């Protein structure tokens, strides 16, 4: 189990809401070739690098101001480390980091307090992208609820544009967004 702590939180209602919005919209990530045995010899896209949100091309709905603005990705043969930075409702930036193993095992990320994210990652059949399936277990002032979702990551042919398509379901309803990131 991977346990990762978030940074920049002040643990109040606005912060919990901020995390929910960020996770909701970006949980929300160069080309390279990986022919390692762990990847069955298939060439895999390499998402490593720093990515910045291209808001004008993204489809983020009314919560665009709270979407993940920056993503840092370190991809290795056995796992990918993703650090996401967004602006909270309190107008302060915060980040969280998760490590997702490519072997299909679930990664548990402690966000703060009782809030956590459970996720798995699976490569697309063609190796050109992957999907992160996740459940957020959230506690907002004693009221708990789950958000289930998927993030589908794809790279443009030149490796300089990342698209993350997010789909979520919760008691608040269903949502779909598309975030476009440019490589820094």
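The values are calculated or read from the model by the stated rules, or taken from the named source; none is laboratory data. Not measured: the values here are computed from a predicted model. Please note: Cβ atoms are built from the backbone with ideal geometry, for glycine as well, and neighbour counts cover all protein chains shown.
Scan the stretch 27-34 and tell me whether some residue there is assigned to a loop (DSSP other than H, G, I, E, B), at pLDDT 70 or above and crowded, with 18+ Cβ neighbours inside 10 Å.
Looking through the stretch 27-34, none of the residues is assigned to a loop (DSSP other than H, G, I, E, B), at pLDDT 70 or above and crowded, with 18+ Cβ neighbours inside 10 Å.
Do you know which of the residues in the stretch 57-70 that are within 11 Å of the chain's Cα centre (by Cα) and buried (at least 21 other Cβ atoms within 10 Å of the Cβ) is modelled with the highest pLDDT? The qualifying residue modelled with the highest pLDDT is 68.
Screening residue 168 on (1) under 25 Å from residue 58 (Cα atoms); (2) over 13 Å from the mean Cα position of the chain (by Cα) shows it passes everything except condition (2). Only one of the numbered conditions (1) closer than 22 Å to residue 176 by Cα; (2) at pLDDT 85 or above; (3) part of a loop (DSSP other than H, G, I, E, B) is not met by residue 117, and that is (3).
Is one or more of the residues making up the stretch 71-79 closer than 20 Å to residue 137 by Cβ, buried (at least 21 other Cβ atoms within 10 Å of the Cβ) and in contact with a strand residue (DSSP E or B) (Cβ under 7 Å, 6 or more places away or on another chain)? No, because not a single residue in the stretch 71-79 is closer than 20 Å to residue 137 by Cβ, buried (at least 21 other Cβ atoms within 10 Å of the Cβ) and in contact with a strand residue (DSSP E or B) (Cβ under 7 Å, 6 or more places away or on another chain). In this structure, residue 105 does satisfy being more than 14 Å from the chain's Cα centre (by Cα), within 26 Å of residue 137 (Cα to Cα) and either part of a strand (DSSP E or B) or modelled with pLDDT of 95 or more (or both).
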